[in-house]
Amino acid sequence: MRVKLKSFIFCLLFTTLLIPLVYAQSASLGDILAHPDNFIGKEVQIEGEVIGEPLNDPAGVWINISTKEQQIGVFVDNERKIEEITYWGSYSTTGDQVRVKGIFYKECLDHQISDIHLKSLELLGKGYKNEYTVSPGKVKLAKILSLICLVMALIYLIRLKYGKRT
Amino acid sequence: MIISPDRRDFSTILNILGSLILGLSLFMLIPIIVAFVKGEQAPFFDFLIGFTFSAILGMFLTLVFPIKKEVSWVHAFFTVSLGWLVFSLLGAIPLYLSAHFSSFVDAWFESMSGFSTTGLTLIRDLDHLSISHNMWRHLTMFIGGQGIILASLSILTRARSVALGFYVGEARQEKILPNVIATSRFIWKVSFVYLILGVVTFFTILYNQGLTIERSFFHSLWLFFASFDTGGFAPQAQNIAYYHSFHLEIATIVFMILGAINFNLHFWLWNKSKKEIFKNFEIRTFFFTICSLSVILYFSLIKMGPAMFRKGFYQLISAHTGCGFTNLAGGELNHFPALGLLAIIFAMMIGGCVCSTTGGIKLMRLGIVFKSFFMEIKRWMMPFRAVYRNRFHHLQSLVLSDKRMKEAYLFFFIFLFTYLAGAIIAMGFGYPAKEALFESVSATANVGLSVGITSPAMPLVLKLVYIFQMWAGRLEFISIFVSVGFILSLFRK
């Protein structure tokens, strides 16, 4: 019985120790960039919005991931890995929310910058087209100011033409 | 004797200011057109409000306050100082209405940062900013870099007689052509030629990088404004790091350096002797400072390996030219070793050439300070009665006169004092000394690199201090001092 219990505890401990090796380190991008030395060469996992567009690289493509506070470039060696992305964040669209798993490099030997080399990408939420509404107060203010501006412009032009003669 | 101003002086100043505000409002038509063409409805109204308000204020001032005195240099200096404050406030209106800023002060900070070609930013969620607002942010740098007052003067000038006052007031020490308006137009002509070159270069790189034609065009235009006018804003939150393009980084380095070169030297190279580039005192000083600081940076970042060139050298050039572009991830500058950070602080302190769009002490003054130091040592080593004259080459052979040295030392110490004062204030708010100095220098020298202090969450007083530093640094203090004296003399009556 004791032997079984001991083996059970050993297995439990062993599994616990293995977990960080099997799963990527889940830390916020802010943490990674604030303490980059702790994450060099390790598999990290970040969640955020994809921004802009995929950018060409001789060996693959780049995508940029934005969390609320920070942004980072993710290098993708195979475009197929990002096939699922349909919306890229810009003024007119909110980009897809994704979970990125990859290796973090503080001084990447291939690119000489801090980046993440993508291992896998998971779509967490679809992006969408942004719809903006103009507040009625803003429209009203713009109309009033335009009217005053027109009247002033008229007076200004009259003064400009006849002002010096009087 | 100091002339005490009266109502007529203020009437004259407000009249000129009104004309200049009208000039500024015309620039706001550009983002209005962009918003209209791109169907950006909300930004269209933001700019319509900004434009009409500025135009009304401009017309009101010119109509109500007539010119009652002959425009003098004091008027010009006061108008320049006041003008930059008013322009930044008016320029902040559409930015604030965009809802990308926590407060109006934040929008004002952004606007002042743009006009003074600094590049420090307090914007939230830049990646979702409209095209028209981005256009305005970058346009402020182009207008500010070229000299907003001169821009307006060269378009709708009536005060040509004191144009030199406005020119000097905007921190330009050298005339290129005998006539200041002609000088201003030459500066604009040079800028437009480089604009075409820059846009074509950046467009080619960005289009190959995968941006659409439209995005390539807008981004290349904005990146040109930001690099040639050494502003440092970028349309994406990651700044230059967004593009992941080594070619783009090289191209921006070229345009940053072109922007940091004296416009007089551009004129000389275009129209006279190409050899001037090798003989010019400022260029030689630049070569010396960049090499020395590169060596310091090299030893400081040696652990980085090959990444040090892309990470370190780019920041150094960006700091030295006063641009503020960065290809680093957020907060990465904080992890630079102290010596490396110090090299970048020194580069920011020095800045580029006089009569360029950069801020800081400027290479000419630093060169003169060093030259006078060595001159003094040589003098001590010479016979007592020996007459020793030192010369330097800047477009022509010039004598290192006492007047030149006095002026160089004066600016050198005013800048040093402001760098330190800003750092002490930030330290008062609990920021570490190194970071506080970095940010203060970045604001005063109109650079725009940040170690993280500049954020919407920073104390309001510090935001106002940095606004003052950006304003004073861009105008190089003198016109502000004259304006303060002008106001103080009111109370001496």
Say each of residue B:309 and residue B:4 gets a label point 7 Å from the Cα, pointing the same way as Cα to Cβ; how far apart are those two points in nm?
6.7
Separation of the stretch B:394-460 and the stretch A:125-158 by C-alpha centroid, Å?
40
Orientation-averaged projected area, Cα convex hull of the stretch B:200-240 (nm²):
2.7
Please work out the C-alpha center-to-center distance from the stretch B:300-345 to the stretch B:10-75 and express it in whole Å.
40
Towards the positive end of the charge dipole of the stretch B:301-435, with charges on Cβ (+1 Lys, Arg; -1 Asp, Glu), say which of B:305, B:317, B:368 has the farthest Cα.
B:368
Using alpha carbons only, how many angstrom separate the centre of the stretch B:99-124 from the centre of the stretch A:33-58?
28
With bins of 5 Å, the percent of all Cα-Cα pairs of the stretch B:98-138 per bin from 0 is 6, 25, 35, 29, 5
In whole Hz, the Karplus estimates of ³J(HN,Hα) for the stretch B:434-444 (6.51, -1.76, 1.60; θ = phi - 60°; x where Gly or Pro) are 4, 5, 4, 5, 4, 5, 5, 5, 4, 6, 5
Whole-Hz ³J(HN,Hα) from phi, Karplus 6.51 cos²θ - 1.76 cosθ + 1.60, for the stretch B:108-123, glycine and proline x
5, 4, 4, 5, 5, 4, x, 4, 8, 6, 8, x, 5, 9, 10, 6
Mean other chain Cβ within 10 Å across A:132-144 is 4
Spin-label model distance (nm) - residue A:93 vs residue A:139, 7 Å beyond Cα toward Cβ
2.8
Mean separation of Cα pairs under 8 Å and 6+ residues apart, divided by the residue count of the stretch B:219-361: what relative contact order is that in percent?
33
Output the Cα-based Rg and Dmax of the stretch B:222-337 in Å, rounding Rg to one decimal and Dmax to a whole number.
15.2, 46
Show me the ranking of peptides B:208-219, B:352-363 by mean Cβ neighbours inside 10 Å, starting with the highest.
B:352-363, B:208-219
Only four residue types carry charge here, +1 at the Cβ of Lys and Arg and -1 at the Cβ of Asp and Glu. Report the dipole size of the protein assembly as shown about the Cα centre in Debye, rounded to the nearest 20.
2560
Under 5 Å between amide H atoms, partner at least 5 residues away or on a different chain: which partners does residue A:71 have, H built in plane at 1.01 Å?
B:330
Averaged across the residues of B:306-318, what count of C-beta atoms belonging to other chains lies within 10 Å of each residue's C-beta?
2
Shape metrics for the stretch B:241-301, restricted to C-alpha atoms - Rg then Dmax, Å
14.6, 42
So what is the orientation-averaged projected area of chain B, using the convex hull of its C-alpha atoms, in nm²?
24.8
Using Cα pairs under 8 angstrom and six or more residues apart, how large is the relative contact order of chain B, in percent?
18
Answer in debye to the nearest 20: the dipole magnitude of the stretch B:1-78 about its Cα centre, from +1 Lys/Arg and -1 Asp/Glu charges placed on Cβ, is 180
Take the alpha-carbon positions of the stretch A:103-166, form their convex hull, and give its projected area averaged over all directions (one quarter of the hull surface) in nm².
11.8
Between residue B:391 and residue B:403, what is 0.36 nm times their sequence separation minus the Cα-Cα distance? Round to one decimal in nm.
3.0 nm
In sequence order, what are the phi-derived ³J(HN,Hα) couplings for the stretch A:148-155 according to the Karplus relation 6.51 cos²θ - 1.76 cosθ + 1.60 with θ = phi - 60°, rounded to whole Hz, with x for glycine and proline?
4, 4, 5, 4, 4, 4, 4, 4
Overall dimensions of the protein assembly as shown by Cα: Rg and Dmax, Å
27.0, 114
222 nm [θ] for chain B, helices only, -39500 (n - 2.57) per DSSP H run of 4+, per residue, to 500?
-21500 deg cm²/dmol
Test item: Cα-centred dipole of chain B, Lys/Arg +1 and Asp/Glu -1 on Cβ, debye
1880
Calculated P(r) tail over 19 Å for the stretch B:328-457, as whole % of Cα pairs
57
Taking R0 as 45 Å, what FRET efficiency do you get between residue B:370 and residue B:455 from their Cβ-Cβ distance, rounded to the nearest 0.05?
0.75
Computed from the beta carbon distance with a Förster radius of 30 Å, FRET efficiency for residue B:291 and residue A:120 to the nearest 0.05 stands at 0.05
Positive-end extreme of charge dipole, the protein assembly as shown - chosen from B:219, B:107, B:83 (charges on Cβ)
B:83
Residue B:64 versus residue B:434, label points 7 Å from Cα toward the beta carbon: distance in nm?
5.3
Taking every pair of alpha-carbon atoms in the stretch B:38-119, give the share separated by more than 20 Å as a whole percent.
44
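No value in this document is a laboratory result; all are computed from the given coordinates. Note that the structure is a prediction, hence the values are computed from the model and not measured. Counting neighbours? That spans all protein chains shown, and the Cβs are built from the backbone with ideal geometry, glycine included.
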